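The values are calculated or read from the model by the stated rules, or taken from the named source; none is laboratory data. These figures come from a predicted structure and were not determined experimentally. FYI the Cβ positions are ideal-geometry reconstructions off the backbone, even for glycines, and counts take in every protein chain you see.
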Amino acid sequence: MPFCSYAQLTPVDSLKADSLRRARLGQPKVVDTLYKQYDVGDLFTTIFHPGRKPDSLKKKSGITIIPNIASNPSIGSQIGIKAVAGRKLGNDPRTLMSVAATSASITTKGIIYFYVNHNVFTPQNKWNLQGSLVVAKTVTPDFGLGIGQSAEGSTADQVLANPARKGYVLHSIYFNIREKVYKQVYPNLFVGAGASFDIRRSIEDRISTTNLTPYNIYSDRNGFDLNNYTSNGLLFSAEYTTRDNQNRAYKGIYADAGFRINQRWMASSKNAVQFTYDLRKYISLSKRHPEHVIALWNWSSYVLSGALPYLDLPGTGKDPSLRSGRGYTIGYFKGTQYFYTEAEYRFPITRNKFLSGVAFYHLQTANDDAGTQLFEKWQPGYGGGLRVLFNKATRTNLCLDYAFGKFGARGFFLGLNEAF
């Protein structure tokens with residue numbers, strides 16, 4: 001059934017069911033305050049149909065479609081279209097919301113990007129399906145390996161320390177198919193497995209006049225073809241979640257940890273074992289206004305054995321949603337060992353929740369070939385942003401952030417739903 005349908009269970013129905021369940025258990029009644037909130041749909045009604053009564057949440061669509069307009073250091077200026085959707089499957093109020101998104105866009109840097117992703121919870125959370133499909137023509141800024149120690153250090157250090165060098169640029173065609181299936185083995189605890197196929201073709205550096213680029217040196221050292229590679233592997237993960245909403249959580253925990261095992265028999269260019277974990281904690285500071293939230297995030301990834309292709313190494317913005325490290329381009333810092341942590345304060349601005357804001361600060365560290373060890377050198381980033389409530393039924397926000405990093409890195413970042 002389509003994600004935009006709320007025929008089985010609307011947010012209002014869910015609140016009523018949850019209130020009945022709480023009454024049976026002697027718990028406090030849930031108060032429905034969604035009707036007091038004001039989103040973009042209400043704004044359109046006010047402008048174009050000023051006499052119409054506010055739309056009932058029972059009729060409100062769980063799908064949001066907007067122009068995909070953005071500008072940041074990774075992509076330049078972008079135009080396209082984007083849609084996100086949310087729906088609870090079944091009638092059990094404990095079932096987590098399923099979400100999906102798709103986008104098609106083109107940028108001034110020549111990037112063409114199309115993706116579809118989903119995070120689906122079946123009734124009673126018995127199964128969780130996570131997956132994505134990406135087809136893209138990419139233009140990847142590259143500042144080499146490392147975390148930026150000194151001008152005499154690694155290739156990354158030298159590039160970052162010299163303002164006349166803006167880094168290298170790698171053009172390629174990219175395909176990705178990923179799917180993981182989780183089974184709930186205990187309330188809120190899931191174990192799962194899946195596979196990911198990452199394929200890059202026609203990789204080229206159109207600017208450099210030398211072969212001594214970080215990409216070429218790393219690829220030659222580890223035996224990767226300079227023009228094409230595949231990175232195909234099996235995925236094994238464990239997930240624990242108590243978030244109250246997948247789009248914008250007010251409270252709860254999310255934790256996911258797992259191994260990726262690239263295998264030659266799956267047509268991977270090289271064997272490799274990679275361990276990655278994702279930890280998130282949400283703390284609501286007010287019962288009356290739960291939108292006041294402290295959100296904490298730690299995403300880390302480590303190559304345990306073998307070798308990953310250069311463009312697949314963990315680093316800035318390499319998390320599944322590509323939202324870490326705001327202020328820097330994707331892959332600005334990277335290494336075979338990478339650690340990222342962020343704290344964000346989220347707060348309402350208007351009483352009707354139409355506008356809200358965030359302030360964030362993050363740190364990242366990585367190893368490099370010059371001998372810099374993980375946790376030895378840290379690079380910061382910080383910024384703030386405005387949130388516009390697009391769909392109150394699914395807590396979908398339009399996010400407008402401006403972020404700053406080191407070495408003159410800065411940019412405007414636009415997206416739907418929170419960074420984490």
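Some notes on this structure:
- The residues in the stretch 136-170 that are out of contact with any Pro (no Cβ under 9 Å at 6 or more places or on another chain), in a strand (DSSP E or B) and either basic (Lys, Arg) or modelled with pLDDT under 75 (or both) can be counted, and the count is 1.
- Considering residues of the stretch 67-100 that are surrounded by 18 or more Cβ atoms within 10 Å (Cβ to Cβ) and of a type in the set (Val, Ile, Thr) only, the residue modelled with the lowest pLDDT: Ile75
- Among (1) touching a helix residue (DSSP H, G or I) at 6+ places or on another chain (Cβ under 8 Å); (2) crowded, with 21+ Cβ neighbours inside 10 Å - the single one Ala370 does not satisfy: (2)
- Pairs where the first residue, in the stretch 352-379, is in contact (Cβ under 8 Å) with a residue 24 or more places away in the chain and over 21 Å from Asn298 (Cα atoms) and the second is part of a strand (DSSP E or B) and among the polar types (S, T, N, Q), C-beta under 8 Å, 6+ apart: Ser356/Asn397
- Looking only at the stretch 223-254, residues that are under 17 Å from the mean Cα position of the chain (by Cα) and of a type in the set (D, E, K, R) come to 3 in all.
Yes/no per residue for (1) outside any strand (DSSP E or B); (2) free of Cβ contacts under 8 Å to residues at least 24 places away in the same chain; (3) closer than 23 Å to Phe190 by Cβ; (4) polar (S, T, N, Q):
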| residue | (1), (2), (3), (4) |
| --- | --- |
| Val84 | no, no, yes, no |
| Asp92 | yes, no, yes, no |
| Thr95 | yes, no, yes, yes |
| Phe114 | no, yes, no, no |
| Asn117 | no, yes, yes, yes |
| Val134 | no, no, no, no |
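- Search result, residues across the stretch 373-396 that are over 12 Å from Phe339 (Cα atoms) and either in contact with a helix residue (DSSP H, G or I) (Cβ under 6 Å, 6 or more places away or on another chain) or buried (at least 18 other Cβ atoms within 10 Å of the Cβ) (or both): Gly381, Gly383, Gly385, Arg387, Leu389, Phe390, Asn391, Lys392, Ala393, Thr394, Arg395, Thr396
- Enumeration of residues in the stretch 355-402 that are of a type in the set (Ser, Thr, Tyr) and either modelled with pLDDT of 90 or more or not in a strand (DSSP E or B) (or both): Ser356, Tyr361, Thr365, Thr372, Tyr382, Thr394, Tyr402
- Only residues that are farther than 21 Å from Ile173 by Cβ and either at pLDDT below 90 or of a type in the set (A, V, I, L, M, F, W, C) (or both) were counted across the stretch 215-240, and they come to 5.
- If the condition is being closer than 18 Å to Asp319 by Cβ and under 22 Å from the mean Cα position of the chain (by Cα), then the stretch 349-377 contributes Val358, Phe360, Tyr361, His362, Leu363, Gln364, Thr365, Ala366.
- Residues in the stretch 218-229 that are crowded, with 20+ Cβ neighbours inside 10 Å and touching a strand residue (DSSP E or B) at 6+ places or on another chain (Cβ under 6 Å): Tyr229 alone.
- The residues of the stretch 275-318 that are part of a loop (DSSP other than H, G, I, E, B) and in contact (Cβ under 8 Å) with a residue 60 or more places away in the chain, listed by number, are Glu291, Ala307, Leu308, Pro309, Leu313, Gly317.
- Those residues of the stretch 330-354 which are in a strand (DSSP E or B) and more than 30 Å from Leu285 (Cα to Cα), in sequence order: Lys334, Gln337, Tyr338
- In this structure, Arg326 qualifies as under 22 Å from Tyr282 (Cα atoms), basic (Lys, Arg), at pLDDT 90 or above and surrounded by 17 or more Cβ atoms within 10 Å (Cβ to Cβ).
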